[in-house]
Structure formats: structure tokens, C-alpha cells
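Structure, as C-alpha cells:
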Amino acid sequence: MKKVLFATTALIATAGMAAAEVKVSGYGRFGLDWNEANDAVAGTSDTNLTSRFRLTFDASTETDGGVTVGGRIRAQAESRDGTPGTAAWSAPQFHVAYGGLRVNVGNIWGAIDSAPGLYLNTTSVGTGIDGMGFNSLAIGNSFAWDTFTSAGAGRNGIEAIYSAGGFTGHVSYSQSNGGTVLGSAQGLERSAIMLSYSFGDYFVTGAYQSEDNNTNTVTFSNGAVESQGDELGFFAIGGNFGQYGATLSYGTTQEADTVTLAGSAEIGAASTIVGWVNSTDVDANVTAGQTRTDGTAFGINYEYDLGGGVTFVAGYVNTAAATNENSLQAGLHFSF
């Protein structure tokens, strides 16, 4: 299959300087979104257009000693729930890499967010065109962990990723300003680690995060108040079995323990179906700051490869909410 690429690679060289590589890539997505939850929102229709356009710019060069130095920046515009958006830039990410080691600073990826098995193996890494709330995640969808922010400042941190054979180790750290003590940041602070090993068509991964000073807190009946993303843990195991795939993941947060089972099947040469079920058990002692919903959610995602980097996507999600729990999407995703 011939793939038409809009992405460009430019080699820029001047006398006495190493060659630099600049890449432009991205994707677009657009479709219809029906969300029953909007029936409870004044001034918002339950049926809307959903869309996103993203451009990613990667630039790198290599020293005489073979060390790669580079950076990434991104521009993105999207529309959700009938609210159109204009394009915004991300904060930059910089990196230094040699052999199997890479160190990123700035708008980091984050160790938790990089864990294999956390997201679904779909174009949106969730369900449907835009993820549909990412209810499949075993650690919830409040995103109380570091991740690359595509249209904003993001988390300013540092991380190291080392890969050798089937092993990957990833540690990340970030800290924000916001405290009241002279000479000390004392803002939101996160430390995380992720270890993963793949063998053939199978993988196993584990991740953990420690967090302090989050303004979003969880309060318990004994009076304890905890930072929302503290003591966050994630474990997953999965693999591919011919045309089928499966992932079992477990997540624990201050609020809840969750198990997600996801399965996929390739149908013919161009179709893929992904189905998932998520069971969340919220701690009964939580009295304030609850963002999770106790119960079972499930979803299904269908994709058909149209060629040329274009995919038709449709998805359905039933959340654990007691009412207005259904949503449906369909549209096109194209990458370049």
C-alpha cells in the first residue's frame, strides 16, 4: 500500500556544522458526537461536531561524538461540545539522547502516561474520534499525572528513558511554583517511575507515582486529606495472539481501585474492533474530592483503514453514571 505523506523531512547543512533534521507531522480528525450527558447541560446540544488538527515539529542534530540533541513543539486546535477552538502552541520539549538513553526536559511525556497498556490501541488511544472521556483508563480520567500538553504550558520537568532489548525504564520528575516560602517552589510536585518488559508478542508493565501539593485533594472520613495523584499505581499485562489481542490492567488511586479488560480483533484486511470493560470500586471512606464513579463502564471502537493514512472511526461508550450514560461518535481520522 502506497502511503502519501504530507510530512516533510529537511536536511539542513552548512560548512563546518553537523546536519540537522527537521520533521513536520501530525493528524486531523472530525466527526459527529452524540453525548447523552449534554442533556443535563443548559445551552449545549447533545449532538455536536468534534474535531482536532495537530501539527508537530521535531528538530534534532548530532554532535561529532554521536550524541543527539533536539526539541519538539506542537500547535493544535480542536472543537468539542459545540465550542470551537483556535490553534494554540505547546511549551517546548528538549532532549539529549545517546545509545539507549534519552533525557527530556521541559514539556515532558511523564512516566505514568508512557506506560504500555494504559491507553487503548486505537487512533484516539481511547474510544471513538476524540477518546470519548477515556473511561477505559484503569487510573481514572482526571489525568492527575504528568503528560505532554499539546496546546498549553504543560508540566515543566525532567525525565530519563532507557531501553535495552525488551526492557524500558522511565523515571520522571516535575515541580511547579506556588508556595509561600522564600526561595522554595513548593508547588505541585510529582515523581514517577515506569518499568516495562516485552517478550515476543507479550508485555508486562508497572508504574508508580508520588505527588505533593496538588490543589485537587481527596478527603476521607477520618479527616485525612491527600493529594489527588499521590500513591498512584498501575500494572498491566497483555499480548497479541494472531489476529486477536488482549490487555488486563489494574490501577489504584487515592479514590478507587479499578480493573480494565480490553480486547481487539482484526477483521479482514482493513477492519479492527476494540472492546473494553472497566470496573471501578470507589473507597467508601471518601467524603470530598471524588472524581471517580463507582460501577462498570464499557465501550466498543470500530476502525476501517481507507488507505492513504485515512481511517473511518466509530465508537460507543456506556459510562458508570446512573443516568445520561450513553455516547456515540463517528468520523474520519487522517495522519500525515
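The values are calculated or read from the model by the stated rules, or taken from the named source; none is laboratory data. Just so we're clear, the structure is a prediction, and the values are computed from it rather than from any experiment. Here the Cβ positions follow ideal geometry from the backbone for every residue, glycine too, while neighbour counts run over all protein chains shown. Note: areas computed on protein heavy atoms with side chains; ligands, DNA, RNA excluded. Shrake-Rupley method; radii C 1.70, N 1.55, O 1.52, S 1.80 Å.
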Seminar exercise, completed: All-but-one check, Thr50 against (1) over 30 Å from Leu261 (Cα atoms); (2) assigned to a strand (DSSP E or B); (3) among the hydroxyl-bearing types (Ser, Thr, Tyr), failing number (1)
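Only one residue in Asp294, Asp257 is under 25 Å from Val204 (Cβ atoms), of a type in the set (Asp, Glu) and in contact with a strand residue (DSSP E or B) (Cβ under 8 Å, 6 or more places away or on another chain). Which one? Spell out how you get there, then give the answer.
On the way: Asp294 fails: under 25 Å from Val204 (Cβ atoms).
Going through Asp294, Asp257 in turn, the sole match is Asp257.
In a loop (DSSP other than H, G, I, E, B), out of contact with any helix residue (DSSP H, G or I) (no Cβ under 9 Å at 6 or more places or on another chain) and modelled with pLDDT under 95: is that true of Gly179 in this structure? Break it down stepwise before answering.
On the way: in a loop (DSSP other than H, G, I, E, B): yes; out of contact with any helix residue (DSSP H, G or I) (no Cβ under 9 Å at 6 or more places or on another chain): yes; modelled with pLDDT under 95: yes.
Judged against the criteria, Gly179 is a match.
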For this session: Test Ile161 against the criterion of being over 19 Å from Tyr27 (Cβ atoms), open to solvent by 10 Å² or more (accessible area, probe 1.4 Å), touching a residue at least 60 places away in the same chain (Cβ under 8 Å) and not small (Gly, Ala, Ser), and give yes or no.
Result: yes
For this session: Could you tell me which residue of segment 30-58 is farthest from Gln329 (Cα to Cα), considering only residues that are buried (at least 17 other Cβ atoms within 10 Å of the Cβ) and of a type in the set (A, V, I, L, M)?
Result: Leu55
Exercise. For Gly133, are the conditions met, namely being surrounded by fewer than 24 Cβ atoms within 10 Å (Cβ to Cβ), part of a strand (DSSP E or B) and among the small types (Gly, Ala, Ser)?
Worked result: no
Exercise. In this structure, is Ile193 surrounded by 20 or more Cβ atoms within 10 Å (Cβ to Cβ) and of a type outside the set (S, T, N, Q)?
Worked result: no
Seminar exercise, completed: For segment 94-108 the number of residues that are surrounded by fewer than 21 Cβ atoms within 10 Å (Cβ to Cβ) and under 16 Å from the mean Cα position of the chain (by Cα) is 0
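Residues checked against (1) more than 28 Å from Phe234 (Cα to Cα); (2) acidic (Asp, Glu); (3) at pLDDT 95 or above; (4) part of a loop (DSSP other than H, G, I, E, B):
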{"residue": "Asp58", "(1), (2), (3), (4)": "yes, yes, yes, no"}
{"residue": "Gly71", "(1), (2), (3), (4)": "yes, no, yes, no"}
{"residue": "Gln76", "(1), (2), (3), (4)": "yes, no, yes, no"}
{"residue": "Asp113", "(1), (2), (3), (4)": "no, yes, yes, yes"}
{"residue": "Pro116", "(1), (2), (3), (4)": "no, no, yes, yes"}
{"residue": "Leu137", "(1), (2), (3), (4)": "no, no, yes, yes"}
